[in-house]
Structures are given as structure tokens and as C-alpha cells.
1. Whether any residue in segment 273-290 is open to solvent by 30 Å² or more (accessible area, probe 1.4 Å) and acidic (D, E) is what I want to check.
2. I'm told K433 meets every condition in (1) over 24 Å from the mean Cα position of the chain (by Cα); (2) at pLDDT 85 or above; (3) open to solvent by 30 Å² or more (accessible area, probe 1.4 Å) except one. Can you identify the failing condition by its number?
3. Mind listing just one residue for me: the one in segment 436-469 that is in contact with a Cys (Cβ under 9 Å, 6 or more places away or on another chain) and either at pLDDT below 75 or open to solvent by 30 Å² or more (accessible area, probe 1.4 Å) (or both) and, of those, farthest from R231 (Cα to Cα)?
4. In segment 126-158, which residue that is closer than 20 Å to L297 by Cβ and open to solvent by 20 Å² or more (accessible area, probe 1.4 Å) is nearest to the chain's Cα centre (by Cα)?
5. Give the residue, chosen from L302, L313, L263, that is open to solvent by less than 60 Å² (accessible area, probe 1.4 Å), touching a Cys at 6+ places or on another chain (Cβ under 7 Å) and within 23 Å of A420 (Cα to Cα).
6. Please specify each residue of segment 306-322 satisfying the condition of being closer than 20 Å to L351 by Cα and under 21 Å from the mean Cα position of the chain (by Cα).
7. May I ask you to list pairs of residues, at least six apart or on different chains, whose Cβ atoms are under 9 Å apart, with the first in segment 365-392 being outside any strand (DSSP E or B) and at pLDDT below 85 and the second being hydroxyl-bearing (S, T, Y) and surrounded by 14 or more Cβ atoms within 10 Å (Cβ to Cβ)?
8. In segment 424-449, what residues are out of contact with any Leu (no Cβ under 8 Å at 6 or more places or on another chain) and hydroxyl-bearing (S, T, Y)?
Amino acid sequence: LESRNTQLASTLRSDYSEEQSLQLDPKQADPCAKYVASLQQAYRTAQPPTWDPLPQCQHVKLAMIKEKGKRCGSDKTIAESRVEGDVDKLLTIKVPVDSDRIFDAGTFDDERQVILVEGVGGMGKTSLAYQYAKKWAEGKLSTFDAVALVRLRDLNEHDVREVDRILPHLLFLASGNSISKEMARLIVDKQKILLIFDGWDEAPASICKLPFIKDLLRSVSPQTRILITSRPDFSLDLHGLANRVEILGFTKGDIHDYFENALKSHLPNSEVKSACDKLSSHFHRYPVIESCCYVPLNAAILAYIYLNRDQTLPITRCELFQELVLCCIVRELETRQPDRVLEDVSSFEDLPADLKEQLHKLSELAFNGVMQNKIVFTQKELTSLSTLGLLHSVQGFGSIGRKLVTCNFIHLAVQELLAAYYISRLEPAEHSKQFETLLNDNLKFPVLKFYAGLTGLTNEAVRNHITGF
């Protein structure tokens, strides 16, 4: 966990041994209590990764919904339902459920050990994961004796090949305390534990295979619960193992409440109403921007752009993230080179030559990552690259006990936008070579949308695939 690195740095060991533990000994009077205390210490002040330099979404309301029946059926089932006029019921019937009650007995028809929380990027999945850990540490989630929060990107593929190494490594990552196999078993056998896996979509490829979860389920007690967060496109294989819960973002009213509160904290009271009226008028004229803001993080991005780019209001999603990138570059430059001022920079092409070249190198990194379905990068891959404020680092653990610093773009859409920018700077003949890959892969298709936004694409055969952008 990022926010506790400094607090727990003194407790971490560079070399992990399964035969010895740092502070925990099964022979102690109550080793479980000591380990639980270390978890509580880690989570009391834990905060989700911030989207620096964006403001945090303090007003996000997480609406949890439970699905009754099928959301996705077979082609035959959907076809039959369409004929009968029931396709909407098949696809969309859901029942609201309080986020604090999803662990209660009877909440789901099927009492499985795994709960899958799905939502697109920026909806608040990671914030929810941290919220559960912190609530438990503060004594507000009494359902469990212990909560262990693991960022899946911290896992190394080599560390999960043997089932008997999974639990000690997960508990080590959760608290920063080395722990033996025997100790891990003692804790899990005696405690009601919630294991939270944040970011199934960010885990190494070999981990996102069913044997990992199936093996883990076989190795924990029936009273253990597992909560996994993921973007929907990456978690289809888990649907048969988990009860699915979805996070909904802002309502229309939430969007306007959020902006009013965000503006109140940065503008004089006399200017807040006119600013809110300006935003409302802009939403009415460009509904695509309002629809973007149903994702809480996008609302935070728009608020930040408005406050830091001379009240700029983008009119497309592509422009929204272009402005975000420019905000980050300007802020980074102000921090590192305060004597250098960027004026009248309204697009990537307006950047000075040196910054444009640095952006191009980052765009190549983004493009290669997209083509490899990769969103986490190592420091080695960033050698000689300037991040321009567009990536943030995460200190985690690679192979057991070894510190590992990785980086990812501040928003997945930023990576997709830069990948599109990279394509747009290739020779025209090279552009079409990328289209087939982008069109035939749903995970890469957003790059083509951004490409269209950057270039004003006019090819009707492709435009038909990107209507509404």
C-alpha cells in the first residue's frame, strides 16, 4: 500500500524467508493477535493511490447493485428473449444492495466465497477496497477478524506457482511483515478473514487464470471471503465462481453537487454560481461531456481542467483527456523548471520541440503497452524517459520480500490517448496497418476512437465504427 510505505519501511526485510518471520512466532502466546494488530496499523491511515495532480473525489457515492439472473446469456437465450420481448429483463434486472452488507449471510442467493466487484476505470473500485480495509481497522467492519488487502500488480508470477506459498506471500504483502507457512495457516484457521484482491485487470497474466483462485479457495477455510475488483472486460472467467456486484458512478444530481462543492473550495463564493451555470449550459450543449462525468474520476478531471486551464471546457472526450495531459505537463514543468513558462499551449502540437519529443517517447511506451495489453511498467522500461507528470510510481513487492517500484499512467484513457497520438505521428501508410488490430479487439478499440478525435478521421468505413465519439 502506497500510503504506508514510509510508516512500515523499517519493518520490511530485503530477503524473505519462509522458515523465519520478522515479528511473528507461532510459539508466542497470541501470534494471531499480533499479526492482526500489524494489519490494523497498516490500514488505519491507508489511502488509495491519488491521481496526482487531480483532486480526490471526496463526494463519490458508491451505489452497489446485485444482479438477479443473467446479465449476459447465450446467443440462443438472448435471441429467444428478444422474440418474447424480454431481452431488457434478461440483461438489466438488478437489485440495489448496501456496500456494507454484501458480506452478510443471505445477501446473495448463492453463498459463494468470492465476490467480484466490477466497474470501468475511475468508478471507485480501488477506493472501495481501501474503504473496507480502513473500516475494519477502525472497528467498523466486525464481520471479519482480519482484512488483508493485496494490490494484484504487486504479485510476481513466480510467487504463485506453488499453492503452499500463496497465503504467506499474500499476508506478507498485506501488512509488510514476513510470515511463515505455518503462521499463515494458523491465522487463517483461527480467523474470519476477508482477502481483498484489488485490480484483477492489472495482475500478471499467469495469475488471472482460474487455477489460482481455485487453488486459493481450496487452501482457505470456508469462513474466509475473497473480494476481487476488476474492469468488466478482464473478469469474464470469474463469473462462474463469484457473486457479481457492480459499482455505479454519479447520478445527474451527483455530478452537479460534485462540481458545486469542488468549485466552492477553489473559487470566491461570488463566482461559484456563475461557474456552475456555465457548466450546466455546457453540459446541455455537449451532452457527451456530461455523460463522461457519470464516471467520478472524469468529473474530477473536468473540475481540475476548468480550474487550471483558464476555465477551459472541452467538447469531446478526446479533448477532455488532451487537456488533462497538457495540465500534467504544465504542472510538471512548473515544478521542475519554475523559470520556464508555457503560454498558449492548446494542443500537443503547440508544445516546444523538446517537450514534444519527450511526449513522443512516452507515446511509444503507451502504444507498446496497449498492443501487449500491458498497463504496468518497470523502472527499467522508463530508463531515459521523462514522465512529464503522466505516470505515477507504485512501490510494491516483486518476488517474495523484494521491493519493486513500478509505474503506470495516471488514467488508462491517458495511455490509450497517447497510443493514438503515437499512431498519428507515423507515416500515413502505417496508420491503416493498425486499424484491423484496433477494430477487432474490444480492449484496444478505444485507441481508434482517440485516433479519430486527434486526426478528424473522415474515412466513412471506419467512422461507422466510432459513431458517437
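The values are calculated or read from the model by the stated rules, or taken from the named source; none is laboratory data. All figures in this text were calculated on a predicted structure; none of them were measured in a lab. Ideal geometry is used to build each Cβ from the backbone, glycine not excepted, and the neighbour counts take in all protein chains shown. Ligands, DNA and RNA are excluded from the accessible area calculation, which covers all protein heavy atoms including side chains. Shrake-Rupley method; radii C 1.70, N 1.55, O 1.52, S 1.80 Å.
1. Among the residues of segment 273-290, at least one is open to solvent by 30 Å² or more (accessible area, probe 1.4 Å) and acidic (D, E), which makes the answer yes.
2. It fails just one condition, (2).
3. L454
4. T126
5. Working: L313 fails: touching a Cys at 6+ places or on another chain (Cβ under 7 Å); L263 fails: within 23 Å of A420 (Cα to Cα).
From the options L302, L313, L263, the qualifying one is L302.
6. C318, L320, F321, Q322
7. Partner pairs satisfying both residue conditions: V376/T406; Q379/S393; Q379/T406.
8. Passing the criteria: S432, T437.
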